[in-house]
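Report on the following structure.
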């Protein structure tokens with residue numbers, strides 16, 4: 001009897017579930033929209049037009065409906081055409097839409113929607129939540145809301161966070177354009193489409209016509225066109241055919257949000273045999289919290305008329321959809337050299353405004369050097385972005401700005417007295433700076449040869465990555481970096497992980513949790529860290545020892561060796577080490593002094609070698625002499641000195657054979673016993 005009740009209960013639940021499904025399917029698309037308070041504003045427009053309202057009740061289509069917040073941000077016309085720009089005749093579940101697919105809307109002229117599908121790392125077995133879906137610049141936030149029309153068809157609702165604003169003429173303007181406008185139509189009739197005053201593109205349009213390049217703007221497909229506004233163009237003749245082509249990407253409609261999220265370098269139309277220009281879009285959070293979009297043109301190979309390097313422009317009116325792609329208005333022509341470094345620094349609300357403020361408020365004399373137009377005085381500026389300032393404590397920043405000498409040296413550390421492009425930088429490259437006796441050290445990572453290398457720079461113990469490289473100016477080069485040099489913000493643990501040149505030591509010290517101690521911000525350490533070249537010597541000369549250390553099974557030996565490189569409880573700079581190891585005043589006439597340092601395990605010798613041209617420091621243990629190749633890498637909990645040898649001998653990694661043999665024998669006996677027991681049981 002109990003089993004019959006169970007079966008009856010399951011049957012009832014199934015019937016209830018089925019009836020609920022049927023009821024939900026009986027809802028029309030209009031009913032679904034009415035049931036959502038976040039779609040009330042688009043609902044007003046639908047219900048304000050009887051024909052549109054009837055279609056939402058009776059027809060089957062795919063609707064991308066913008067939220068109330070999206071509607072509030074849009075100040076254009078909201079009529080029936082506006083609604084049809086959000087409707088697609090073909091019905092899809094969102095996950096069934098292919099990457100880079102083009103959807104045709106029901107608006108007059110059938111403007112296209114361009115689909116971008118980006119993996120987001122979410123782990124789901126089914127559905128769509130493992131990707132972010134964009135239609136033009138609008139992101140799908142809720143998907144696959146099924147309905148049933150009064151005729152029995154199955155429309156579907158997807159909800160988006162931005163309107164799909166169609167490009168239309170303003171007011172009563174008339175243009176000889178049939179259907180939805182192409183990029184050429186908007187460029188030729190720019191006034192009719194509202195591109196006036198600060199958004200006027202008259203000069204760019206005239207230059208395209210003079211060069212007979214308007215056909216480029218009629219190319220079919222999903223293309224991207226960047227157009228410089230009039231106020232950005234100082235010398236129209238500098239916009240030659242190749243520069244115009246450098247503003248165009250064919251075959252890929254790049255809308256700001258998805259394109260900047262992907263962050264890929266895309267080939268421009270100016271990517272030919274002797275000239276290669278890449279386009280990349282990025283987003284930057286401004287000091288007031290708003291998101292600003294930039295486009296970078298990177299000329300990676302140049303001819304005799306075009307300079308290598310990058311140009312960066314801000315998008316001042318982005319995401320203008322057209323029949324053959326998308327237009328963006330920009331505040332500076334691409335592929336052109338800026339008048340000076342200052343023109344980038346002083347950009348109002350620009351991504352370097354906080355760095356510029358340090359110069360302007362505290363170091364006016366340095367600014368004069370950045371204003372210079374003399375090629376003999378060309379410099380390279382490693383400029384921290386506004387975001388880099390948010391990575392340091394305000395207390396640390398205040399301590400620097402309140403000390404004029406320290407601030408002067410910090411700013412000078414970011415300046416190199418010559419043009420330095422990333423092409424000039426190889427692994428292990430170093431260069432002096434305007435800060436006395438201080439250098440910048442570089443690492444180059446290029447795992448994917450099809451992409452541009454990632455270049456990191458280290459100065460005064462701070463590792464930074466170049467996020468935008470090779471911005472060309474007439475008086476130098478700018479590289480935008482993601483950290484402020486000379487203001488430590490990382491622990492030694494983070495420093496080991498972020499510096500590619502010491503990655504081998506970082507990997508090794510993870511064994512047995514040895515490196516966890518370096519996460520403690522309240523402790524102090526002095527760590528002589530072998531670089532990757534040092535481990536390459538061990539790999540060559542001590543093959544067996546190297547293999548044992550890096551196989552991860554002998555953390556005791558790792559600890560023994562690493563403690564020989566470590567002082568706990570003190571953060572000692574090179575000057576402090578010299579003071580500790582010798583009480584005498586530093587004297588160039590006594591260049592060879594040698595004193596012992598007490599390490600966490602044992603003692604090592606520290607020796608400065610001094611002459612007129614070179615300050616050299618070494619550490620020595622049992623005849624192994626290591627040179628300090630990079631000193632005083634400051635961290636919040638200590639100091640790192642990078643050395644070119646590992647303080648170890650072959651006998652440091654001796655594994656007892658008896659223990660191994662005993663373990664192996666015991667494993668063999670255990671296996672035999674288990675096998676005998678299984679055979680007995682089977683009988």
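The values are calculated or read from the model by the stated rules, or taken from the named source; none is laboratory data. From a predicted model like this one, the values you see are computed outputs, not experimental measurements. Note that each Cβ is placed from the backbone with ideal geometry, even for glycine, and that neighbours are counted across all protein chains shown.
Scan the range 194-213 for residues that are touching a helix residue (DSSP H, G or I) at 6+ places or on another chain (Cβ under 7 Å) and either crowded, with 21+ Cβ neighbours inside 10 Å or at positive phi (or both) and jot them down.
Our first condition is that a residue be touching a helix residue (DSSP H, G or I) at 6+ places or on another chain (Cβ under 7 Å); within the range 194-213, this holds for 198, 200-203, 205, 207-208, 211, 213.
Listed by number, the residues that qualify are 201, 205, 207, 208.
Residue check: residue 90 meets all listed conditions (1) surrounded by 14 or more Cβ atoms within 10 Å (Cβ to Cβ); (2) more than 20 Å from residue 258 (Cβ to Cβ); (3) out of contact with any helix residue (DSSP H, G or I) (no Cβ under 9 Å at 6 or more places or on another chain) but one, namely (1). Annotation note: of 407, 397, 411, the sole residue that is more than 22 Å from residue 341 (Cβ to Cβ) and assigned to a helix (DSSP H, G or I) is 397. Only one entry in 178, 218, 191 is under 34 Å from the mean Cα position of the chain (by Cα) and surrounded by fewer than 17 Cβ atoms within 10 Å (Cβ to Cβ), namely 218. Listed conditions (1) within 22 Å of residue 618 (Cα to Cα); (2) buried (at least 22 other Cβ atoms within 10 Å of the Cβ); (3) more than 30 Å from the chain's Cα centre (by Cα) are all met by residue 545, apart from (1).
Picking from residues in the range 277-292 that are at pLDDT below 95 and in contact with a strand residue (DSSP E or B) (Cβ under 7 Å, 6 or more places away or on another chain), the one that is nearest to residue 306 (Cα to Cα) is 282.
Residues in the range 378-394 that are part of a helix (DSSP H, G or I) and either surrounded by 14 or more Cβ atoms within 10 Å (Cβ to Cβ) or touching a strand residue (DSSP E or B) at 6+ places or on another chain (Cβ under 7 Å) (or both): 386, 387, 388, 389.
What do you reckon, is residue 252 part of a loop (DSSP other than H, G, I, E, B) and not assigned by TED's automatic domain parsing to the domain that holds residue 132? Judged against the criteria, residue 252 is a match.
If residue 419 satisfies every condition in (1) touching a helix residue (DSSP H, G or I) at 6+ places or on another chain (Cβ under 6 Å); (2) assigned by TED's automatic domain parsing to the domain that holds residue 360; (3) part of a loop (DSSP other than H, G, I, E, B) but one, which is the exception? Of everything listed in (1) touching a helix residue (DSSP H, G or I) at 6+ places or on another chain (Cβ under 6 Å); (2) assigned by TED's automatic domain parsing to the domain that holds residue 360; (3) part of a loop (DSSP other than H, G, I, E, B), residue 419 misses just condition (1).
Of everything listed in (1) at negative phi; (2) buried (at least 24 other Cβ atoms within 10 Å of the Cβ), the single unmet condition for residue 476 is (1).
Residue 498 satisfies every condition listed in (1) surrounded by fewer than 20 Cβ atoms within 10 Å (Cβ to Cβ); (2) within 27 Å of residue 311 (Cα to Cα); (3) under 16 Å from the mean Cα position of the chain (by Cα) except (2). Listed conditions (1) modelled with pLDDT under 85; (2) surrounded by 19 or more Cβ atoms within 10 Å (Cβ to Cβ) are all met by residue 643, apart from (1). What is the residue count in the range 502-518 for residues that are in contact with a strand residue (DSSP E or B) (Cβ under 7 Å, 6 or more places away or on another chain) and more than 22 Å from residue 629 (Cα to Cα)? Count: 0.
For the range 248-280, which residues satisfy the criterion of being more than 16 Å from residue 226 (Cβ to Cβ) and either buried (at least 22 other Cβ atoms within 10 Å of the Cβ) or in contact with a helix residue (DSSP H, G or I) (Cβ under 7 Å, 6 or more places away or on another chain) (or both)? Answer for the range 248-280, where residues must be more than 16 Å from residue 226 (Cβ to Cβ) and either buried (at least 22 other Cβ atoms within 10 Å of the Cβ) or in contact with a helix residue (DSSP H, G or I) (Cβ under 7 Å, 6 or more places away or on another chain) (or both): 257, 258, 275. A single entry from 634, 616 fulfils the requirement of being within 39 Å of the chain's Cα centre (by Cα), modelled with pLDDT under 85 and surrounded by 10 or more Cβ atoms within 10 Å (Cβ to Cβ): 616.
Considering the range 598-613, the residues that are in contact with a helix residue (DSSP H, G or I) (Cβ under 6 Å, 6 or more places away or on another chain) and at pLDDT 80 or above include one that is surrounded by the fewest Cβ atoms within 10 Å (Cβ to Cβ), namely 601. Evaluating residue 133 against the criteria (1) touching a residue at least 60 places away in the same chain (Cβ under 8 Å); (2) surrounded by 17 or more Cβ atoms within 10 Å (Cβ to Cβ); (3) in contact with a strand residue (DSSP E or B) (Cβ under 6 Å, 6 or more places away or on another chain) leaves one unmet condition, (1).
Pick out the one residue from 433, 468 that is free of Cβ contacts under 8 Å to residues at least 40 places away in the same chain, buried (at least 21 other Cβ atoms within 10 Å of the Cβ) and either under 30 Å from residue 418 (Cβ atoms) or within 18 Å of the chain's Cα centre (by Cα) (or both).
The match here is 433.
The residue of the range 336-371 that is modelled with the lowest pLDDT, among those that are assigned to a loop (DSSP other than H, G, I, E, B) and buried (at least 20 other Cβ atoms within 10 Å of the Cβ), is 350. Residue-level analysis places residue 629 outside the set of residues that are modelled with pLDDT of 90 or more, in the same structural domain as residue 542 (by TED's automatic domain parsing) and not in a strand (DSSP E or B). Kindly indicate whether residue 232 is modelled with pLDDT under 95, in contact with a strand residue (DSSP E or B) (Cβ under 9 Å, 6 or more places away or on another chain) and on the phi < 0 side of the Ramachandran plot. Yes.
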